[in-house]
Structures are given as structure tokens and as C-alpha cells.
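Okay, structure first, notes after.
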């Protein structure tokens with residue numbers, strides 16, 4: 001695949017998420033895809049895990065919109081920077097707990113590093129500032145949560 005092909009695949013991923021069509025994301029992923037939320041340490045494997053990762057975000061922020069701000073590619077990798085905006089109107093599931101709706105707005109910068117082989121997403125590492133996210137949605141971070149996150 002060319003670098004342009006890889007960019008097209010990743011743009012399609014974000015288009016599917018913006019359309020809330022997670023079935024549309026599945027043909028983009030390899031059977032053994034691994035998606036890693038680097039801010040929380042959550043790793044999900046396989047197409048079901050890939051779908052679950054995206055569903056977790058869409059459940060917490062049903063009106064989320066992603067706007068790509070930068071996208072770069074090689075023969076095997078795509079790095080996408082994007083702005084995500086949404087309202088926390090569902091449950092946010094993380095490795096440190098679940099956070100019920102606060103109805104507060106989130107506007108965050110993310111960066112995904114995505115590996116592709118033969119036109120399929122084989123892995124992704126998603127980076128963002130978890131503490132800023134919690135602050136924006138009005139979640140108070142207690143000392144026990146801090147201990148869990150550091151461990």
C-alpha cells in the first residue's frame with residue numbers, strides 16, 4: 001500500500017466514527033488488531049476489542065466529532081493528530097473507574113499512531129491528556145485514583 005492509501009484508510013476510520021457507524025470500522029482492521037489507549041493503559045485486541053474501544057468513546061460522548069488537524073504517513077504507519085469535541089452525556093469507562101454523565105463539554109487534542117499491513121490496521125496507540133479530559137468533564141480525581149493510575 002502507498003502512503004496515500006494508508007492515509008485514506010485512517011481518514012475512513014475517523015469518518016466512520018463521526019458517522020457513529022462502528023460496523024464501518026471493522027473492515028479496516030486486521031483480525032488480530034490491538035488498540036492501546038496509552039493514557040489509561042487499556043489494551044483491546046481483535047476486531048471486537050477494536051469496536052469496543054470506539055464504542056466506549058461514543059457511549060460517553062454520543063455527539064463527538066473528530067476533526068483531523070495533521071496527518072502523516074509512511075509505508076507502514078499513519079500518525080494522525082485531531083481535535084475531538086463532545087458532550088459527556090454517557091458513561092466513560094476507563095481503567096481507573098467509570099464516570100457517569102456530567103453533561104460537560106470536552107474539547108481535546110489526540111494523537112494516534114496507527115500501524116497498517118496490507119491495507120489493514122494492525123495496531124493503534126492513542127495519546128491524549130487524561131487528566132485534562134477528567135478536568136473538562138468535571139470529574140474530581142481523588143488520591144486513590146491517582147494511586148491506581150500510577151501503579
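Within the stretch 91-107, the set of residues being touching a residue at least 12 places away in the same chain (Cβ under 8 Å), surrounded by fewer than 18 Cβ atoms within 10 Å (Cβ to Cβ) and not in a loop (DSSP other than H, G, I, E, B) comprises 93, 97, 105, 107. When you check residue 134 against the structure, is it in a strand (DSSP E or B), over 15 Å from the mean Cα position of the chain (by Cα) and crowded, with 16+ Cβ neighbours inside 10 Å, yes or no? Here the answer is no, as residue 134 does not meet what is asked.
Take residue 29 and decide whether it is buried (at least 16 other Cβ atoms within 10 Å of the Cβ), modelled with pLDDT of 95 or more, under 12 Å from the mean Cα position of the chain (by Cα) and within 19 Å of residue 111 (Cα to Cα). Considered against the rule, which asks whether it is buried (at least 16 other Cβ atoms within 10 Å of the Cβ), modelled with pLDDT of 95 or more, under 12 Å from the mean Cα position of the chain (by Cα) and within 19 Å of residue 111 (Cα to Cα), residue 29 comes out as no.
For the stretch 76-100, give me each residue that is modelled with pLDDT under 95, more than 20 Å from residue 18 (Cα to Cα) and touching a strand residue (DSSP E or B) at 6+ places or on another chain (Cβ under 9 Å). Matches in the stretch 76-100: 94, 95, 98, 99, 100. Scanning the stretch 20-43 for residues that are farther than 19 Å from residue 94 by Cβ, touching a helix residue (DSSP H, G or I) at 6+ places or on another chain (Cβ under 7 Å) and touching a residue at least 40 places away in the same chain (Cβ under 8 Å) yields 20, 28, 29, 32, 33.
The values are calculated or read from the model by the stated rules, or taken from the named source; none is laboratory data. All figures in this text were calculated on a predicted structure; none of them were measured in a lab. Because the Cβ atoms are built from the backbone with ideal geometry, glycine has one as well, and the counts that use them run over all protein chains shown.
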